[in-house]
Structure formats: C-alpha cells, structure tokens
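This report refers to the structure that appears directly beneath it.
Every read-out reported here was derived from the displayed coordinates using simple, explicitly stated rules and does not represent laboratory data. Quick caveat: nothing in here was measured; it's all calculated off a predicted structure. Every residue, glycine among them, receives a Cβ derived from its backbone with ideal geometry; neighbour counts consider all protein chains shown.
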Amino acid sequence: MKVGLSTSVIQHGQSGVAQYVFALVAALLRHPARPDLTLFVLEEDVPLFHFARENSRIVPVSERVRSPVKNILWHQTVLPLLARDHRLDILHVPSYRRMLWPRPCALVTTIHDLAPFHVAGKYDWKRMFYGRVVARSLAHRQDRIIAVSQNTGTDIQNFFRVPAEKVSVIHNGLDHTRFAADSTEAAKQFVTQRLGLREPFFLYVARLEHPGKNHVRLIEAFNRFKAETRSEWQLVFGGSNWHGAPAIHAAIGQSPFRSDIRCLGFVENDALPMLYRAATVFVYPSLFEGFGFPPLEAMACGCPVLCSTRGALGEVVGDAAATVNPDDVTALTTQLAALARDPGLRAKLRAAGLDRARRFDWQRTASRTLEVYTAALEAETALGSVTVVRQAVEN
C-alpha cells in the first residue's frame, strides 16, 4: 500500500500536531505491515524527519508555501498532482484545515479538534470562517476521517454532519521510552542547572495562546494562592508565543508575584520529560482540547495532574487527575492550595496517573490507522466501480 502523508502543518515541530505526526510515522515504520510511505515535508522541516529517511521517501516542499493561505492553495492544487505522480493509494492529511477537495486517490484526514465551534475568539475571523464553513464541505470529500478522541468524533458528526461510518475514533498514543517515571532527583538537578528552576513549582506546558489555553485565569488563581499562603511555590510556563500571547505576558507583568512566574519558551524534546519529572504539580486548565498530550505525558513521568475536563480532557485523564472548572478562578485557587499542602493527595494522583498513562500506545494507534487506510482504499475502489457502472448505463 502506497501512502502519502502531508506534514506541512507541524509548525517547525512545535505543536501537538507535530508530535502526532512524528510519533505516527515512527510507529508506522516499525509496524510489521509497514506501508510504502511518502512524506511531503517543507524544506526547513526535513531535518526533523531524519529518523524516517531510510525507510520512507521524503519529498521536499518549497518554503514559499509555508504561510497558511499559500499552504492551503498548495494542498488543493499541487499536492493532488504529486499524489498522482507518486501513484499513491492513500493520501493522509493530518489537519482539517488542509483537507483536499480534489480526489487523486483515497483520502484520509485526522481531525484533532473542532475548537472553532467551542471557543469564541480561538482564531481571527478568517480562520474561524474556514474552520466552521469551508472545512465542513471538505470533510464530506474524505473517504475516512480519524478522530483522536470520542469527543472529537462526536463533534465531527454533529457539526460537519459526516456519517458515523466514515469516522474512526483512534486515541493518540504515548512514547513510553521517552515519557517514563525515571529519577526525580536527576530531573530536579537538570532543571536547576539548565533552566534555573527551584522547587516546588506548578508546571503548565502549552503554547502561550489567549484565551484558549486559559493562562490569564491561571495567573489570577496563582496570585490569590500566593497571597493566601505566602508560600515559595513558583508557576512555570513552557511553550512558544502564539495568538494572544501579549495578553498573557501583560498579566504576568501586572502580577505582584511576577518574580515567581517563569516563561521558558518552547521546551526542547530532551528537556521536556525532565521538566515533567521535576515539577511538583502539573496544571492544565485549558478551555478546550480535542485530546491533550501534556497531561498524559506528565502522568507517565510521575507528576500529579490538575486538569480541566473540557473537550476530550476528561476522556483522556479519566479519574487519574484532580479536576477543575477552568472558568472558575476560585475553584482553581482552591485546587492549587489543596495540592500544595497535601503530599498524600499528590502521591495518590501520581500512582493513578502512571496507571492511566499505560493505556495509551502508539503501536496500537498505528495498527488502527492502517485499518482505516484499508477501509478508505476499499471505499475509493467501490466508489470508482459505481462510477464506471453508472457511466456504462448512461452510455
């Protein structure tokens, strides 16, 4: 089976979609039924796929089409031609904003979330229109759609009106060789020496996006927590600046405890597991997630988690995390204080999180993705047969 995968939405590797693409490619290439894989990769991102060079075909794509509008046009005009040139059986696009209208072969897309339907102001009006209106039409052109959670699968059916039989819910996996509960002391030394952090600290790993990731309310809750407890706890943010980041930096600048709030920027791959292991509590008060990698990664590294249950987050963390209404600053403050003062609660959540994280595995995700590829190819073949018969009857 010849499969093409568009990777141009990975944002230099600094996004959740990027982690999905890297992990899925690696798992597919390790699978016994490994497909003949062709990766379409923006030129500056090619080094990020060094792990796949020997077992896949990498087709460089000009940097001139990196910007969103040009990238969408490239997907609709150039990528279909490349799919035909490479005689692909399946073309997999892991983003609903890049779904194809032309049908050069069987089409599969992965939809990570439909946040524009849930979070007002998530993007500018043009992206909101594209996500709500244009993408709805494109979704019906796909042979199969992968949803990374049941929550997202339900949204696809409700908002895009795609038939249930075309939607497959396949949870993301977890790289257990990378995210594991290794030495806490070594991790603490690492973050102290390399990042200048001291314990105890609350950690939040997410791009600095306002309002969607809810940093501003977390900062307000942290301010109240510090004022009430006079404790030494710090609040640490790991993530790149994104839409609305100035509002987050402004809230930090206005905080009376700004000296205890740290912004690390994007956290490199080698440092991220160490940061999770060193953190005293991981906090994830996002307003909406289609899946949510960071809470699961933190659990696998042995860090107790406080989490919103919006979107698919409740589905992912189950009963292994302390939960909170992300709109309620008072409740968030209360939970921060409870976790800070109760090591027994933290230990209980740590054990529950480790058990929960074991349920997610990329090889299982890859196996189910290959099943979707087969179903899409069968659907495309059946559609082609129907078309041939219809043309014969008409003639």
Checklist outcome for this item: Applied in sequence order to the range 7-22, the curve 6.51 cos²θ - 1.76 cosθ + 1.60 (Karplus, θ = phi - 60°) yields integer Hz couplings, x standing for Gly and Pro, of 10, 6, 9, 7, 6, 6, x, 10, 7, x, 4, 4, 5, 4, 5, 4
Checklist entry - Treating the beta-carbon of each Lys and Arg as +1 and of each Asp and Glu as -1, no other charges, what is the dipole magnitude of the chain about its Cα centre, to the nearest 20 debye? => result 380
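State whether the range 321-371 is rounded, prolate or oblate according to the following rule on the C-alpha gyration tensor (a ≥ b ≥ c being the square roots of its eigenvalues): a/c under 1.5 gives rounded; otherwise a/b larger than b/c gives prolate, and the remaining case gives oblate.
Oblate.
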Checklist entry - Leaving out same-chain residues fewer than 8 places away, which lysines sit with a Cα under 22 Å from that of LYS188? => result LYS348
Checklist entry - So what J values fall out for the range 57-66 if you push phi through Karplus, 6.51 cos²θ - 1.76 cosθ + 1.60 with θ = phi - 60°, rounded to Hz, Gly and Pro as x? => result 9, 9, 10, x, 10, 4, 4, 5, 10, 6
Checklist entry - Counting only residues 5 or more places away or on other chains, whose amide H sits under 5 Å from the amide H of VAL169 once H atoms are built in the peptide plane? => result ALA147
Checklist entry - Amide H to amide H, which residues 5 or more places from THR323 or on other chains are under 5 Å from it, using H placed in the peptide plane? => result CYS307
Next on the checklist: Are there any trypsin sites (Lys or Arg not before Pro) in the range 48-89 that are in a DSSP loop and have at most 14 other Cβ atoms within 10 Å? List them by number.
Outcome noted: ARG53, ARG87
Next on the checklist: Once you order the gyration tensor axes a ≥ b ≥ c over the Cα atoms, which shape class does the range 184-357 get: rounded for a/c under 1.5, otherwise prolate or oblate by comparing a/b with b/c?
Outcome noted: rounded
Item to check | Overall form of the range 182-284 per C-alpha gyration tensor (a/c, 1.5; a/b vs b/c) | outcome: oblate
Checklist outcome for this item: In deg cm²/dmol, rounded to the nearest 500, the helical mean residue ellipticity at 222 nm of the chain, built from -39500 (n - 2.57) for every DSSP H run of length 4 or more, is -13500 deg cm²/dmol
Checklist entry - Using θ = phi - 60° and the Karplus form 6.51 cos²θ - 1.76 cosθ + 1.60, what ³J(HN,Hα) does each residue of the range 212-225 get, whole Hz, x for Gly and Pro? => result x, 8, 6, 4, 5, 5, 5, 4, 4, 5, 5, 4, 5, 4
Checklist entry - Taking only Cα atoms, what is the 0 to 90° angle, nearest 10, from helix 329-341's long axis to the longest principal axis of the chain? => result 60
Item to check | Which labelled figure in [x] 62, 52, 44; [y] 77, 58, 46; [z] 83, 41, 39 is Cα extents along the principal axes in Å, once derived from the coordinates | outcome: [z]
Checklist entry - Can you give the angle from 0 to 90° between the axis of helix 245-254 and the longest principal axis of the chain, with both taken from C-alpha atoms, to the nearest 10? => result 0
Item to check | Pairs from LYS166/LYS213; LYS2/LYS166; LYS126/LYS166 whose Cα-Cα separation, in the structure shown, is over 24 Å | outcome: LYS166/LYS213; LYS126/LYS166
Checklist entry - In whole Å, what is the distance between the alpha-carbon centres of the range 125-185 and the range 339-371? => result 20
Next on the checklist: Once each part is reduced to its C-alpha centroid, what is the distance from the range 69-95 to the range 304-337 in angstrom?
Outcome noted: 39
